[in-house]
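This report refers to the structure that appears directly beneath it.
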Amino acid sequence: MGIAIISPGRDVSKWKDNFQRLDASIKIQVYPDIIDNDDVEAVLLWQHPKGILRQFPNLKLICSMGAGVDHILSDREIPAHIPIVRIVDEKLTFSMTNYTLMGILNFHRQIVRYQENQKQQIWDMTNPEIEIHVGLLGVGALGGDVVKKLRFMDIAVSGYGNKPKTDLPYPYYYGDQLQKFLDQVNVIVCMLPLTKDTENFLNIDFFKSCTKGSYLINVARGKHLVEEDLLIAIEKGYLSGALLDVFRQEPLPKEHPFWHTKGIMITPHIASVTNPDAAAPQIIENYHRLKKRQPLINSIDPNLGY
Ligand code: GLV
């Protein structure tokens, strides 16, 4: 009995090595070479072929290879009774926070402008800093760490989410308080989980409601953003620019306007990539918990979608 790793097109040898190092008694099979379907009790998934889980009659646990589980829940054929867990890991959080801080500070200290000036040998000392108040959309495991580190740096920060939260040491807004939140902030970081409620959240109405000239950072999912609306928002000056790590279609097609739009900076979904050395132990821990019928760690609620 064992685990199947299903992540087409990715090199998963490090996951396999780690699993075997942590518990050599677990049988590890890697898609597309899964021969013994009956032996699959747990699966580790990233962009799996939809419907494939029906092939495993003894499946008892579904693990996401990343922090997000939208790629799993978008498969209409996943068996409803099987628990789903995601990765929550210090290394993943560390990288995500550092990427986000880099984007925030680049905007705050106008690095792109200085790079352009350097190319043209322009010595311009005016307005070296933009005053910022950062707004986090989503203050879960990842967003919460960004908030903590921004506060440590004395950078003003507010949070927004879908549920009330009490006793937070910083301003927090939820539900229909979005406008109040947007009125406070001029850097918006999207760290929301992708659910039916958050898909297309970053649309033209949202951008029109932002403080003029706000800067957007999207490190969550491409589907949070209506991409054409971002282009309009930048052209009209609702936003001054954006740093995007995720896109509706990845890799970003060569003809996509984001490659060349002034004010938009892109990276290829690398803000935080799960490190198998760091994350494999929690998969094995959950596998053992499953066997011992103990509560799982990092479970998600499929009804909430995160
Ligand atoms: C990456 O996008 C993840 O969900 O971990």
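Over all pairs of distinct alpha carbons, what does the Kirkwood formula give as the hydrodynamic radius of region 163-306, in Å? Provide the component values of the computation, followed by the final result.
Details: mean 1/r = 0.0572 Å⁻¹.
After inverting the pairwise mean of 1/r, the radius is 17.5 Å.
I'd like the antiparallel share, as a percent to the nearest 5, of DSSP beta bridges with both residues in region 90-266.
Numbers: 0 of 25 bridges.
In region 90-266, DSSP labels about 0 percent of beta bridges as antiparallel.
Please list, or write none, the lysines whose alpha carbon is within less than 22 Å of the alpha carbon of Lys163, excluding same-chain residues fewer than 8 places away.
Lys148, Lys180, Lys196, Lys223
Given the convex hull over the Cα atoms of region 90-266, what projected area results after averaging over all orientations, in nm²? Could you put the intermediate results ahead of the total?
Details: hull surface 44.0 nm².
Averaging across all directions leaves 11.0 nm² for the Cα convex hull.
Quick one: what does P(r) look like for region 20-133 with 5 Å bins over all Cα pairs, in whole %?
Per 5 Å bin, starting at zero, the Cα-Cα P(r) for region 20-133 comes out as 2, 9, 14, 14, 11, 8, 7, 6, 6, 7, 7, 5, 2, 1 percent.
Hey, can you find the accessible area per residue of the chain for me, probe 1.4 Å, expressed in square angstrom?
On the way: 15850 Å² over 306 residues.
On a per-residue basis, the chain sits at 52 Å².
Please work out whether region 94-133 counts as rounded, prolate or oblate from its C-alpha gyration tensor, where a ≥ b ≥ c are the square roots of the eigenvalues and a/c under 1.5 means rounded, while otherwise a/b larger than b/c means prolate and anything else oblate? Present the calculation step by step, with values, prior to reporting the outcome.
On the way: a/c = 5.15, a/b = 1.85, b/c = 2.79.
Oblate, since a/c reaches 1.5 and b/c is not below a/b.
For the chain, what is the Kirkwood estimate of the hydrodynamic radius, computed as the reciprocal of the mean inverse distance between distinct Cα atoms, to one decimal in Å? Don't skip to the answer; put the middle values down first.
Working: mean 1/r = 0.0478 Å⁻¹.
So the Kirkwood estimate lands at 20.9 Å.
Taking only C-alpha pairs under 8 Å that are 6+ residues apart, what is the relative contact order of region 90-266 in percent? Provide the component values of the computation, followed by the final result.
On the way: 286 pairs, mean separation 28.8, N = 177.
Relative contact order of region 90-266: 16 percent.
First measure r as the distance between the Cβ atoms of Leu231 and Gln118, then evaluate 1/(1 + (r/R0)^6) with R0 = 22 Å and state the FRET efficiency to the nearest 0.05. All intermediate terms of the calculation are to be shown ahead of the outcome.
Values: r = 27 Å, r/R0 = 1.22.
So, using R0 = 22 Å, E works out to roughly 0.25.
Using DSSP to call loops (not H, G, I, E or B), can you name the trypsin sites (Lys or Arg not before Pro) in region 242-283 whose Cβ has at most 11 other Cβ atoms within 10 angstrom? Intermediate values should be presented prior to the final figure.
Working: sites: Arg248, Lys254, Lys262; in loops: Arg248, Lys254, Lys262.
Answer in residue order: Lys254, Lys262.
Can you give the relative contact order of the chain as a percent, counting alpha carbon pairs under 8 Å and 6+ residues apart?
Working: 544 pairs, mean separation 52.7, N = 306.
Taking the mean separation of contacting Cα pairs over the length of the chain, I get 17 percent.
State the percentage of accessible surface on the chain attributable to carbon and sulfur atoms; use a 1.4 Å probe and exclude ligands, DNA and RNA. Working shown, then result.
Details: 8270 of 15850 Å².
Answer for the chain: carbon and sulfur cover 52 percent of the accessible area.
The values are calculated or read from the model by the stated rules, or taken from the named source; none is laboratory data. As the structure is a computational prediction, the values presented were derived from the model and not from experiment. For neighbour counting, all protein chains shown are included, and Cβ atoms are generated from backbone atoms with ideal geometry for every residue, glycine included. Keep in mind that these areas ignore ligands, DNA and RNA; they rest on the heavy atoms of the full protein, side chains included. Shrake-Rupley method; radii C 1.70, N 1.55, O 1.52, S 1.80 Å.
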